[in-house]
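Here the structure is laid out as structure tokens; the discussion comes afterwards.
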Amino acid sequence: MTNPYTAPIPPAPRPPDTRPLHKRVLVWVGGVALFVVGVGIGATGEDGQQPVGDEAKPATTVTATRTATPEPAPTVTETVKAKAKPRPTVTVTTTAAAKAADDGDGGTGGNSSSDTSSGQDSSGTCSIVSSAGNCYSAGQFCRNSDHGATTSTASGRAITCASRSGSWRWTYN
């Protein structure tokens with residue numbers, strides 16, 4: 001008989017799901033090759049155009065518009081007062097006295113041709129008269145239209161409308 005210890009050892013049986021290493025490498029190489037070929041065919045199947053993943057969407061634009069309406073500018077009105085005062089018109093009237101006819105009483109009759117009680121010049125020498133028609137005398141107030149004017153009193157003395165102490169009065173020259 002043969003010695004069981006000296007006989008060649010038979011190979012151990014393989015597990016059913018194991019393959020040799022060289023066959024596993026070939027499977028991996030073949031799988032990678034098929035993947036590369038598939039990618040190459042897929043890339044050229046589009047006629048060289050690359051597929052678009054996302055389409056461009058219109059973006060929302062927000063525009064804020066503010067319209068400014070200008071306010072009207074202020075209107076400036078300037079009133080200018082005339083500083084020049086109107087000059088009075090001076091009219092000089094000369095009256096010649098007519099000789100009275102003698103009525104026979106020697107000029108001492110009841111009718112006298114000169115009346116001095118009214119304050120009016122009987123000879124008519126005052127050129128500016130009041131609203132009542134009388135001649136002015138020194139010390140009386142002047143009208144606005146008479147400022148700076150010169151006239152004469154009932155007696156014939158010259159007076160001028162001048163400003164004294166804040167008021168316009170007739171004063172002797």
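The values are calculated or read from the model by the stated rules, or taken from the named source; none is laboratory data. Everything numeric here is computed off the predicted structure, so don't read it as measured data. Cβ atoms come from the backbone with ideal geometry, glycine included; neighbour counts cover every protein chain shown. Ligands, DNA and RNA are stripped out before the accessible areas are found, and what is left, the full protein with its side chains, is counted by its heavy atoms. Shrake-Rupley method; radii C 1.70, N 1.55, O 1.52, S 1.80 Å.
List of remarks:
- Check on PRO4, modelled with pLDDT of 65 or more, open to solvent by less than 90 Å² (accessible area, probe 1.4 Å) and of a type outside the set (Val, Ile, Thr): no
- Criterion: open to solvent by 90 Å² or more (accessible area, probe 1.4 Å) and at pLDDT 70 or above - qualifying residue of THR18, THR108, THR94, THR77: THR77
Residue-wise test of (1) touching a His at 6+ places or on another chain (Cβ under 9 Å); (2) in a loop (DSSP other than H, G, I, E, B); (3) surrounded by fewer than 15 Cβ atoms within 10 Å (Cβ to Cβ).
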position: SER127; (1), (2), (3): no, yes, no
position: SER131; (1), (2), (3): no, yes, yes
position: SER145; (1), (2), (3): no, no, yes
position: GLY148; (1), (2), (3): no, yes, yes
position: SER155; (1), (2), (3): no, yes, yes
position: ILE159; (1), (2), (3): no, no, no
position: ALA162; (1), (2), (3): yes, no, no
